[in-house]
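The values are calculated or read from the model by the stated rules, or taken from the named source; none is laboratory data. Predicted model only: the values in this text are computed from it and were never measured. We place every Cβ from the backbone using ideal geometry, glycine too, and count neighbours over all the protein chains shown. These accessible areas exclude ligands, DNA and RNA; they are computed on the full protein's heavy atoms, side chains included. Shrake-Rupley method; radii C 1.70, N 1.55, O 1.52, S 1.80 Å.
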Amino acid sequence: MDEKIILKYTDIPEQKNIDTYIKNGGYKALQRALSEYKPDEIIHLVDKSGLRGRGGAGFPTGKKWSFIPQNIPLPKYLVCNTDEGEPGTFKDREIIEGDPHLVIEGIAISSYAIGAHKAYIYIRGEFAKGAEILTRAINQAKEKGFIGENILGLGFDFDIDVYRGAGAYICGEETALLDSIEGKRAMPRLKPPHPVAKGLYSSPTVINNVETLANVPRIIENSAEWFAGIGTPHSTGTKIFCISGDVNNPGVYEVPMGTPLKELLEMAGGIKDGKKLKAFFPGGPSTPILTSAHLNVGMDFESLKKIGSMLGSGAIIVLDEDRSIIKTVARLTEFYRNESCGKCSPCREGTDWLLKVYQRIIDNKGKKEDIDLLLNICEDIYGTTFCPLGDAATMPVISSIKYFRKEYEEYINGKCSNINN
Amino acid sequence: MDEIKISINGNEIKCRPDSTVFNVCKQQEIEIPSLCYHPELSITGACRLCLVDIEGKGITTSCTEFVREGMKVVTSTKDVINARKVILNLLLSDHPYDCMTCEKSGDCLLEKYAYEYGIKKSIYKDYHKYQKSQIQIKEKDGTPFVIRDYEKCILCGRCGKVCEEVVGAKALAVGYRGVNSQVISGLDGPLKNTDCVFCGNCIEVCPVGALREIQAEKKGRTWEFKKVYSVCPYCGAGCSTEVFVKDNKIVKISGMENGPSNRGWLCVKGKFAFDYVSSPDRLKKPLLKNKKSEFEEIEWDTALNIIFENFSELKKKYGPDSITGLGSARAPNEENYLFQKFFRQIIKTNNVDHCARLCHSATVAGLYHSLGTAGMSISLDELENISDCILVTGTNPTEAQPITSYRIEKAVRRGAKLIVIDPRRTKLADKADIYIQPKPGTDVILYNAIAKIILDENLHNEKFIKERVEGFEEYKKFMETFSLKEAERVTGVPTENLRKVALIYTSATSAAILWALGITEYVCGTHNVLTLANLALITGQIGKPGAGPAPLRGQNNVQGACDMGALYDFYPGYQRPDAPETIKKFESLWGETGLSMKTGLSVLESFGAAYEGKIKGMYIMGGDFLVTCPDTNYLAKALENLEFFVVQDIFLTETAQYADLILPAACSYEKEGTFTNTERRVQPAFKCVEPPGEAKADWEILTLLANKFGYKWDYKNVWDITKEINKCIPSYAGITPQRLFKGERLQWPCPDEKHPGTPTLHVGSFKIGKGKLSCLPYQEPYELPSPQYPYVLTTGRILSEYHLRSMTGRTDGIKEITGEPFCFINPKDAEKLKIEEGGHLEISTKRGKLVLSAKISPDIQENIVYLPLHFGANILTHRRIDPIAKIPEYKFCACNIKKSE
Ligand SMILES: Cc1cc2nc3c(=O)[nH]c(=O)nc-3n(C[C@H](O)[C@H](O)[C@H](O)COP(=O)(O)O)c2cc1C
Ligand code: SF4
Ligand code: SF4
Ligand code: SF4
Ligand code: SF4
Ligand code: FES
């Protein structure tokens, strides 16, 4: 498909400017949402479009919104998750830097739908430029009356704050993120209660990913049916993939859900130096690794699930034939070990032990039993942790041993060919 | 709430739908290992040890899983056991393995589970050399009392939770990330540089040896200790404690797990300030002042003979009313009972009183008059769980009764509205829905104003007034002429703010009013209390759980010593000496005739009479009145005038210096007896250690003495006296030794042995029938500022200290926390007088002067000096008393301050 939905205008430098945005049809959806739809009609529309969360878990967005209790005397909040911490993921940055008003418009419509008068954009600390662009865009929108009291004269009061994080992967987890906004150390909260029932400042809160929210104006502009017609029946719309690693043209590529990896690899100019594909993470390191055997699998929620992996955040990390699986996974394990929030014992201690075993193998002191030991530790972590980070840490380990056990064995026996990569 | 059914290990179990699987298992006595769970704290879910198998869900932590209808739980499959072992292996992987020298051994949950699950050595241990731990151990960071040894920490999170959720100090939290996570205080500095209040509750909840008491270091381990239940000797909260003893020495003190008033928690004093018990300064033998005015050790028998001879002589020469006795709000009920009995039965005078005269006598007088019962209307549990409005006035529980402040803060977090009215901005004011800062000494007019607004706006409770209150018509009439404008001028509080108070107070379902000495210690103290009672009566905020007047007592047995009749105007159980039926009752109970019906002398009246030479003999059982009464210089002259003066105490206090004879007493950890806390709850303390030298329990001394006087007192132990109290005081009739031994901690009235005690007073009716409203005109404080003394001096407490520091001051850590004696002044006054923080200033009044260091705080109003009473404040205070309750006006006198070089 050549029709992009979200990255349609991001190549135009002036798109950041509200006038250009409006010229390109911007803020019409907001006008339309506020004047033509009741809040619950928008929820219904989004539900019908089949839009699913782009933050990793793929939860149906309309359904999430419908959980917000409407008849309680508490304020409601919307939080736009711009933490983008998953390694290899850089799509949200592209959106906010390239088309900030699209996100703001999406937030405004979504807030209206759930009855929130205040929204927060939680942006990771490293995105200094993004925060600046967003703040400027918000100010412009305020001047034009898209944010503020009684916006567009349609009786809806609404405000957005940009909240900058201070750099921890766990801040992207929705409840830890709420703690962070509240000024606490980010650690996941106990669920239930889910944020929709008791979130920010103990009030009902919806947390959505940037890409998820950016789709909302498009659904209003076009129609739910139009959106549902793109992609596959259960993974509707487009998906922005971030292709990185051993490809010629790393970058973001927006394609309909269900596009096979093969096509995406072609779009990214193929594997570097004419080498062969060895393996890839389809949705960031938190999703199980796949191999060249999976080139034709459609990149959507169901198809990937069927073969034991996940769509995740859409960060495709490509490894060519010379990459060392062990060193790659060891590096990712180090990431999880460092980013574990430290709250629960299996994740905190377990990830550290995983890394120690990898270090031992890399130091050429590994034993054959270490492979099973790695699997055992993963088994112990998986399912016993407080939040999904612990589970995620086991994904690259388990899946890489599944597909590349031989390479592990060879490495330990000192017979591995790509030991230095 | 409808119960639901779940199955645990194949057995069907009914439970509340809001319980967790863990709690249901616990109720069923199915043991599930847990490290982070704590019944008094919110769910953490950190350790992941409490795993069980839940059908459809697999292996899951039971403490985070709420029950669902039809849920099937299995608690110990092979997989579950293995999964728990994995967690233990992981936790032990970087644990130091030094149980053999660890202070916590025997009491450590990690050790216990490692034993139970047979984990000798973590399977991950061999990888230790690959560990790049950045954890720095800051075992001793110079903080008093607390050792933090984080090498042993398992990051269960309990310490931070108790500090935040119970204490409200938020001094601890987890810092850093992942495997480098560590509990830190502040920005990872020493604990003493944070908001830590040194309550030690973090130590209490630590499941392993990571947090420990410095005082207990190298003093032995859990199995070597004798554990004895006692009651904290300090404030009126009456925290139940568990005292750990080895070789006749107290090693450490913990809160008793199910302590009714403290639920296991303590404050810095109850937890740590016990070094006085084994102080070398303790009195060990009777001392007689010789001709050279030096004290000489004598034998007990000689001492008792001397007392007998002197008191008999004085009685013969000047009559029984020339002798006076002062009991103690820190001695148990039994000893206060016996003390007043000694004076009434043997000396035959009603000249007996005690230190509560100086703190809450206005409460007793006010509540007795208006409601018929002088006690807290509710329980602390009700305060925490039921009251939906809490008015706190003239009390700073954060420092003076910390356990109660923990509970107030919990209530606020639950959603209760908090109103704070205090001339000094207290810590609770920060948490309040509304804070009112009146000028000191204007309470009567302030509370009348609130009542006026309630009446004007029809917020009063007609039905309640009609059914249960008398004097309303008169009261209404009195209020008609009351001017809100004038009130605004006198109190300095805008009427609008008082209207807000009135609205919050009257719209609550159950509103409690808490107060302490900021209300009582005025020449109009009784009137102040009565205005508070008025408020409760006109609104019907009384006679139901969580509602009503709730005085907070300052010493651990203020309530009890009053109940026991260590009062010049009341026999035990508030029975009046001038009533013939009282005399008849006690003559028959005691087998005595000729009991005096003449009202006796109160504390300050006794000293006044001594000053004038009318009182010749005095017997003080515990109490440093020289320095606790106002106007120390005057007191000294009064004491010098006495012909014969006996002091019975644990230390050679300043008062004791004036005595002719000193008797060494056992302290509360060295004897048995019951204490009645602020919520009227009677709690026993048992003997932990032997008294030093020849010191004896007060009751033993009194019994021996009575026998010297020829009376056959045959109490074999304290509990014989308790039984006599059961007979004398109707509201104590059911609080028998048997029930106390069984663990019952009853609130009076408890009229018979089957009665469950009374958490809520005044339900249905008042003891005097109807509640009495009082019409109270405003009265100014006695000594108003003058050109020569333009400032107002007010006194109060601080957290770490207690009274004149004879007990607290003997623990090193406490000295460190308190530092140099200080007082608080407002920044503007400081600027005016060019006084800097920590600089010295001189406070002077007509009676004396004092030099202290200055703390500058905007919490104090301009032109006011706030002086903690612990620092010898009474050199400055005046002697004028409330004519009804005879309480002195510690809270207000005129003073001058200037920079001292
Ligand atoms: C460890 C962890 C990190 C996460 N990081 C992010 C993130 O950076 N951005 C994001 O949108 N969602 C992240 N998520 C997912 C969020 O918790 C949440 O599900 C998501 O923001 C919901 O938005 P959606 O429904 O629009 O996908 C993370 C989840 C976990 C467990
Ligand atoms: S799984 Fe890891 S990141 Fe999640 S709560 Fe536990 S320690 Fe923190
Ligand atoms: S001693 Fe008390 S206040 Fe201090 S850190 Fe421990 S729990 Fe918190
Ligand atoms: S110090 Fe003790 S209570 Fe605090 S987290 Fe560590 S183990 Fe738990
Ligand atoms: S001083 Fe009061 S609050 Fe502190 S431990 Fe003792 S009784 Fe409890
Ligand atoms: S006790 Fe359940 S997770 Fe710690």
*Hey, can you grab everything whose amide H is under 5 Å from the amide H of B:Leu418? Only 5+ residues off in sequence or another chain; H modelled, so Pro and N-termini drop out.*
B:Ile390, B:Asp433, B:Ile434
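Probe of 1.4 angstrom, ligands and nucleic acids ignored: what's the accessible area per residue over the range B:298-341, in square angstrom?
Numbers: 1400 Å² over 44 residues.
I get 32 Å² per residue for this part.
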*May I ask you to give the percent of accessible area on the range A:239-387 that is carbon plus sulfur, with a probe radius of 1.4 Å?*
48
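Find out how many positive minus negative residues lie around B:Val24, taking Lys and Arg as positive, Asp and Glu as negative, among other residues whose Cβ is under 14 Å from that of B:Val24.
Charge balance in the 14 Å sphere: -1.
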*When all protein chains stay in place, what accessible area (Å², nearest 10, 1.4 Å probe) is found for A:Thr135?*
60
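Of A:Met299, A:Met395, which has the most accessible area with a 1.4 Å probe, and how do the rest follow in descending order?
These residues rank, largest area first, as A:Met395, A:Met299.
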*How much of the accessible area of the range A:95-150, probe 1.4 Å, is carbon plus sulfur, in whole percent?*
46
*With N denoting the number of residues in the range B:748-901, provide Rg(C-alpha) divided by 2.2 N^0.38 Å, to two decimal places.*
1.39
*What does the charge add up to near A:Gly229, with Lys and Arg as +1, Asp and Glu as -1, over the other residues with Cβ less than 12 Å from its Cβ?*
-1
_Give me the summed buried accessible area for the A-B pair, 1.4 Å probe, to the nearest 100 Å²._
2900
*Mean projected area in nm² (Cα convex hull; one quarter of hull surface) for the range A:190-326*: 10.5
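Under 1.5 on a/c is rounded, so check that first for the range B:523-637, then, if it is not, pick prolate when a/b is larger than b/c and oblate when it is not; a ≥ b ≥ c are the square roots of the alpha carbon gyration tensor eigenvalues.
Working: a/c = 2.19, a/b = 1.25, b/c = 1.75.
Note, shape of the range B:523-637 comes out oblate.
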*Note, ³J(HN,Hα) from phi for the range A:18-35, Karplus 6.51, -1.76, 1.60, rounded to Hz, x at Gly and Pro*: 5, 5, 5, 4, 5, 4, 7, x, x, 6, 6, 4, 5, 3, 5, 4, 6, 8
*Hey, what angle do you get for helix A:369-381 against the long axis of chain A, alpha-carbon based, 0 to 90 degrees rounded to 10?*
30
*Any chance you could check the Cα centroid distance between the range B:427-455 and the range B:775-853 for me, in angstrom?*
23
*Which whole number gives the average, over all residues in B:58-66, of C-beta atoms from other chains lying within 10 Å of the residue C-beta?*
2
*In terms of Cα to Cα distance under 17 Å, which lysines are near enough to A:Lys275, apart from those fewer than 8 places away along the same chain?*
A:Lys262
*Determine, for each peptide in B:254-264, A:263-273, B:271-281, the mean count of other beta carbons within 10 angstrom over its residues, then list the peptides with the highest first.*
B:254-264, B:271-281, A:263-273
*Evaluate 2.2 N^0.38 Å with N set to the residue count of the range B:222-284, then give the Cα radius of gyration divided by it.*
1.13
*How far is helix A:210-221 tilted, in degrees, relative to the longest principal axis of the Cα atoms in chain A, given as a value from 0 to 90 rounded to the nearest 10?*
40
_Accessible surface of B:Phe145 - all protein chains present, 1.4 Å probe, nearest 10 Å²_ = 10
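At 1.4 Å probe radius, can you tell me the per residue accessible area of chain A in Å²? Mind showing how you got there, number by number?
Details: 15890 Å² over 421 residues.
For chain A, the per-residue accessible area is 38 Å².
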*Among B:364-375, B:410-421, B:325-336, B:465-476, how do they line up from the highest to the lowest mean number of other beta-carbon atoms within 10 Å?*
B:325-336, B:364-375, B:410-421, B:465-476
*What does the accessible area of B:Tyr406 come to, in Å² to the nearest 10, when a probe of 1.4 Å is used?*
10
*asked:* Let me confirm one metric for peptide B:80-93, namely the mean number of other chain beta-carbon atoms within 10 Å of its residues' beta-carbons.
replied: 4
*asked:* Give the separation of the Cα centroids, the range A:332-350 to the range A:93-162, in Å.
replied: 34
_Protection proxy ranking of A:44-51, B:348-355 - average other beta-carbon atoms within 10 Å, highest first_ = B:348-355, A:44-51
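Express the accessible area of the range B:133-230 per residue in Å², computed with a 1.4 Å probe while the remaining protein chains stay in the model. Intermediate values should be presented prior to the final figure.
Values: 3880 Å² over 98 residues.
That works out to 40 Å² per residue.
Would you tell me the mean number of C-beta atoms belonging to other protein chains that fall within 10 Å of each C-beta in B:181-187, as a whole number? Before the final figure, lay out each step's value.
Details: counts 7, 1, 0, 1, 0, 0, 0.
Partner Cβ neighbours, averaged per residue: 1.
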_Can you tell me the mean projection area, over all orientations, of the convex hull of the protein assembly as shown's alpha carbons? Units nm², please._
55.9
*asked:* Leaving out ligands, DNA and RNA, and with a 1.4 Å probe, what % of the accessible surface on chain B is carbon or sulfur?
replied: 50
